[in-house]
Amino acid sequence: MNVKKHYESHLGNFYTWMLGDWVKKSEEFKSFLERQNLTPKFNKKAIDMGAGNGMQAIPLAELGYEVTAIDFNPQLLNELKHNIKERSLPMQVIDGEITNFELWKDINPELILCCGDTISHLASFAEIKQWVQNCYSQIIPGGKFILSFRDYSKPLQDQERFIPVKSDENRIHTCILDYADEAVSVTDLLYERVKGNWEMRVSSYQKVRITLAMIQNLLKEIGFQIEILEDFQRMNLIVAAK
């Protein structure tokens, strides 16, 4: 199953629940931006690629950025629209693929970010490279590029492949990973209590098997200067400058 269909038919229905306290995580991201002085400096324009429910887009808008939020999942886009309306935040919301350059090629932002391992959802490393090149071409001089993603360099073996993600009295979510040379197959297994009975829902999709070194080398090759590299919310987070 492709990524978009996986989200529409399965993961998008419980993604925000899976995140846990997303408001707290959003506040943590806002604090990170403030701590690193990643507030608006030039034209105030920012693009959040794979914005989801707004966990990064909302703090950007609160800090004064004019945010364009792009995502392909209708469930999460509906949540995003609700969240920004609830906070009375201005934001342009676009329903589409982040790889569709026509959707955002004329914005010329000072900041592009893509968080939550979204880049691994693209079709191949070649597509990731083309997308990063497009981002570089659009960011204004002195602007920033923020990525957060997982490092898949070390394959999980045997029972390590079964990752308990979250559970409560009505849901149990387990993620199962299977590694190939250039891809990771991800299976989201959900047990959900419906009218007193447990039902199983399962769906799989593939991620590109990226590593921290691959992304660092790619950014440098394209022309970015890496300024910050740290672990943030259990992912590698890079801030690079044009």
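Remarks
- Within segment 186-218, the residues that satisfy the criterion of being exposed (fewer than 12 other Cβ atoms within 10 Å of the Cβ) and either part of a loop (DSSP other than H, G, I, E, B) or touching a residue at least 24 places away in the same chain (Cβ under 8 Å) (or both) are LYS195, GLY196, ALA213.
- Segment 43-64: number of residues that are touching a helix residue (DSSP H, G or I) at 6+ places or on another chain (Cβ under 9 Å) and more than 13 Å from GLY116 (Cβ to Cβ): 8
- Matching option when the condition is of a type in the set (Val, Ile, Thr) and in contact with a helix residue (DSSP H, G or I) (Cβ under 8 Å, 6 or more places away or on another chain), among ILE163, ILE226, ILE172, ILE146: ILE226
- Test: residue in segment 103-122 that is assigned by TED's automatic domain parsing to the domain that holds ASN13, over 23 Å from GLU230 (Cβ atoms) and in a helix (DSSP H, G or I): yes
- Residue that is surrounded by the fewest Cβ atoms within 10 Å (Cβ to Cβ) [pool: residues in segment 52-92 that are of a type in the set (Asp, Glu) and more than 12 Å from the chain's Cα centre (by Cα)]: GLU86
- As a summary of the residue check, ALA183 satisfies the conditions (1) farther than 21 Å from HIS6 by Cα; (2) buried (at least 16 other Cβ atoms within 10 Å of the Cβ); (3) not assigned by TED's automatic domain parsing to the domain that holds PRO40 except for the one numbered (1).
- Residue in segment 55-62 that is modelled with pLDDT of 95 or more, part of a helix (DSSP H, G or I) and either of a type in the set (Ser, Thr, Tyr) or in contact with a Lys or Arg (Cβ under 6 Å, 6 or more places away or on another chain) (or both) present: yes
- Among the residues of this structure, ASP178 does not count as one that is on the phi < 0 side of the Ramachandran plot, touching a residue at least 24 places away in the same chain (Cβ under 8 Å) and not assigned by TED's automatic domain parsing to the domain that holds ASN13.
- Considering residues of segment 130-143 that are closer than 22 Å to GLU230 by Cα and in contact with a helix residue (DSSP H, G or I) (Cβ under 9 Å, 6 or more places away or on another chain) only, the residue surrounded by the most Cβ atoms within 10 Å (Cβ to Cβ): CYS135
- Test: residue in segment 125-135 that is in the same structural domain as ALA61 (by TED's automatic domain parsing), part of a strand (DSSP E or B) and more than 23 Å from LEU77 (Cα to Cα): no
- Conditions (1) outside any loop (DSSP other than H, G, I, E, B); (2) over 19 Å from VAL165 (Cα atoms); number of the one not met by LYS41: (1)
- Residue in segment 84-95 that is outside any helix (DSSP H, G or I), in contact with a Leu (Cβ under 6 Å, 6 or more places away or on another chain), of a type in the set (A, V, I, L, M) and in contact (Cβ under 8 Å) with a residue 60 or more places away in the chain present: no
- Checklist (1) in a strand (DSSP E or B); (2) in contact with a helix residue (DSSP H, G or I) (Cβ under 6 Å, 6 or more places away or on another chain) applied to GLN75, failing item: (1)
The values are calculated or read from the model by the stated rules, or taken from the named source; none is laboratory data. Fair warning: this is a prediction, and the values are worked out from it, not measured in the lab. Positions of Cβ are generated from backbone atoms using ideal geometry, with glycine treated the same way; all protein chains shown enter the neighbour counts.
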